[in-house]
1. What relative contact order, as a whole-number percentage, does region 43-82 give when Cα pairs under 8 Å and 6 or more residues apart are counted?
2. From largest accessible area down, sort Lys286, Lys228, Lys114; use a 1.4 Å probe on the protein chains.
3. Using a 1.4 Å probe on the protein heavy atoms only, what accessible surface does Ile71 show? Give it in Å² to the nearest 10.
4. Any idea which of Gln139, Ala128, Cys166 is furthest toward the positive side of the dipole for region 123-222, if Lys and Arg beta-carbons carry +1 and Asp and Glu beta-carbons -1?
5. With every protein chain left in place and a probe of 1.4 Å, what is the accessible surface of Phe109, to the nearest 10 Å²?
6. With a 1.4 Å probe and every protein chain left in place, tell me how much accessible area Thr182 has, in Å² to the nearest 10.
7. Once the Cα gyration tensor of region 160-293 is diagonalised, what are the square roots of 5 times its eigenvalues, in whole Å and ordered largest first, as equivalent ellipsoid semi-axes?
8. Taking just the alpha carbons, could you work out the radius of gyration and Dmax for the chain, both in angstroms?
Amino acid sequence: MKINQMEYFAQVCRLGTITRAAKELHVSQPSVTAAIHEMEKELGVSLFYRRNNKLYLTEEGNFVLDRVVDILKDVERLDRDLKGFVGTKNLIRLGVPLQIGACLLPLLFGKFRKMNPEVKLEIQESGAMDIVRSLLEDQLDMAIVSVDISRQWDVSWTPLYQSEFCFCVAAGHPQSSLDSITFEEACRQLLVAFKEGFYVNERINRQMKECGVTPEILLRTEQLHTVKNLVVHGGCGAFLLKEAVRMDPLIRPVPMNPPMPAQIGVITRRDRPVYSDCRKMLSFIKEEFAGRN
């Protein structure tokens, strides 16, 4: 069985028709039909049956599809790893949480890209917990996160610098002039927070349970700009990494008392080698953030 036959079969399964699959694959419709027939002849089973001019997988077809998907993933991984091994991949799939991305992405798309114009960046910007999940599912090459490194994840961890969570309010908010604020005092304010999938959400929820407080949360969102807008214009407070508001003069980060430290670091899958382009980026990031501890 040939790889292109499996690719054609998988596309027909995904799109539902040979015509659409052929268009997506940029090949002729007879080529796709012939590939399916060759697979059926070689395997000795019917992969599809037709009803009302639509194709449906047979029981055997479903069984074959499960195996074909795994095989194609392995082939894609082999191609990607081999290119990384010989230094010709030139693609980094990087995961960055929204708050860290606010200060990191301008560096990567500016200075790093100028230094390494051949390297293409594919960025997933979302919550840290979602990013870790994507890394473990081999959808990312590396990630820069602030998470609890005591978790039993199968990752390698490279610390970058120490940060902290602050209580962020608008400049001019009654709490904006404080030198520090306790967690309980902060939770008496109207809050805006992130949804599940964000490490800060998990960290703050755990702290709320420990302190026995239930604050009023106006909104839970996945968007950092929404959080900032409600802090600046909605009178809300928010628990954010200090990096997220470092360049925003309209928001005042009030330190927590006691402090809420956050270790920022790079994670990669322990069972995957770190190839040349990722090593370049890792060295670049470590140099850029060397003085922040």
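The values are calculated or read from the model by the stated rules, or taken from the named source; none is laboratory data. Keep in mind it's a predicted model, so treat the numbers as computed, not measured. Positions of Cβ are generated from backbone atoms using ideal geometry, with glycine treated the same way; all protein chains shown enter the neighbour counts. What goes into the accessible areas is simple: the full protein's heavy atoms, side chains included, and nothing from ligands, DNA or RNA. Shrake-Rupley method; radii C 1.70, N 1.55, O 1.52, S 1.80 Å.
1. Details: 21 pairs, mean separation 11.0, N = 40.
That works out to 28 percent.
2. Numbers: Lys286 100, Lys228 40, Lys114 175 Å².
From most accessible down to least: Lys114, Lys286, Lys228.
3. 70 Å²
4. Cys166
5. The value for Phe109 is about 100 Å².
6. 40 Å²
7. On the way: eigenvalues 178, 57, 42 Å².
They are 30, 17, 15 Å, listed from largest to smallest.
8. In Å, with Rg to one decimal and Dmax whole: 24.7, 77.
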